[in-house]
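Trainee: Right, I'll just put the structure down here and ask away after.
The values are calculated or read from the model by the stated rules, or taken from the named source; none is laboratory data. Source: prediction; values computed, not measured. When we count neighbours, we look across all protein chains shown, and the Cβ atoms used for this are built from the backbone with ideal geometry, even at glycine. To get the accessible areas, we keep the full protein, side chains included, count just its heavy atoms, and leave off ligands, DNA and RNA. Shrake-Rupley method; radii C 1.70, N 1.55, O 1.52, S 1.80 Å.
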Amino acid sequence: MEILLADRTRLEPFWTGVLIVNEIYRLYPTQFKWIERHFDRLCGTATVREAIIAQKPLAPLKATWAAECKTFAQTREKYLLYAE
């Protein structure tokens with residue numbers, strides 16, 4: 001399998017990874033083997049894995065992350081040494 005990017009500035013690596021894992025799990029649910037502790041650590045939560053297993057929509061998770069990222073970006077602004 002090969003993934004080609006037309007515009008790498010639009011790539012969302014974490015979200016892309018979540019969608020890939022979701023699709024593989026959807027295609028091969030009985031053959032897919034989780035390393036739960038590792039996956040949850042990489043995601044920072046068990047919520048992603050639990051949503052994939054339950055085949056719940058993932059878009060609401062992404063919306064939550066976007067809001068949290070926006071809040072974090074605003075908070076960190078005063079601590080940056082250099083302007084972005």
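Trainee: Can you work out the accessible area per residue across the chain, with the rest of the protein chains kept in place, probe 1.4 Å, in square angstrom?
Mentor: Spelled out: the 1.4 Å probe surface of the chain, per residue, equals 86 Å².
Trainee: In segment 1-80, carbon and sulfur make up what percent of the accessible area (probe 1.4 Å)?
Mentor: 59
Trainee: Answer with one residue from 73, 54, 44: the one whose Cα lies farthest towards the positive end of the charge dipole of segment 33-84, charges on Cβ with Lys, Arg +1 and Asp, Glu -1.
Mentor: The one lying farthest along the dipole's positive direction is 54.
Trainee: Also: Between residue 6 and residue 74, what FRET efficiency comes out of the Förster formula 1/(1 + (r/R0)^6) with R0 = 30 Å and r the beta carbon distance, rounded to 0.05?
Mentor: 0.45
Trainee: Evaluated at 10 °C with a viscosity of 1.306 mPa s, what Stokes-Einstein diffusion coefficient in µm²/s does the chain have when Rh comes from the Kirkwood expression over alpha-carbon pairs?
Mentor: Rounded to a whole number, D works out at 106 µm²/s.
Trainee: When the solvent-accessible surface of protein heavy atoms is calculated with a 1.4 angstrom probe, in what order do 56, 33 fall, highest first?
Mentor: From most accessible down to least: 33, 56.
Trainee: Hey, another quick one. Let me have the 222 nm mean residue ellipticity of the chain computed from DSSP H runs of 4+ only, each contributing -39500 (n - 2.57), with the sum over all residues rounded to the nearest 500.
Mentor: My calculation for the chain gives -18000 deg cm²/dmol from helical runs alone.
Trainee: Quick one: how many Å² of residue 49 are accessible to a 1.4 Å probe, rounded to 10?
Mentor: Answer for residue 49: close to 30 Å² accessible.
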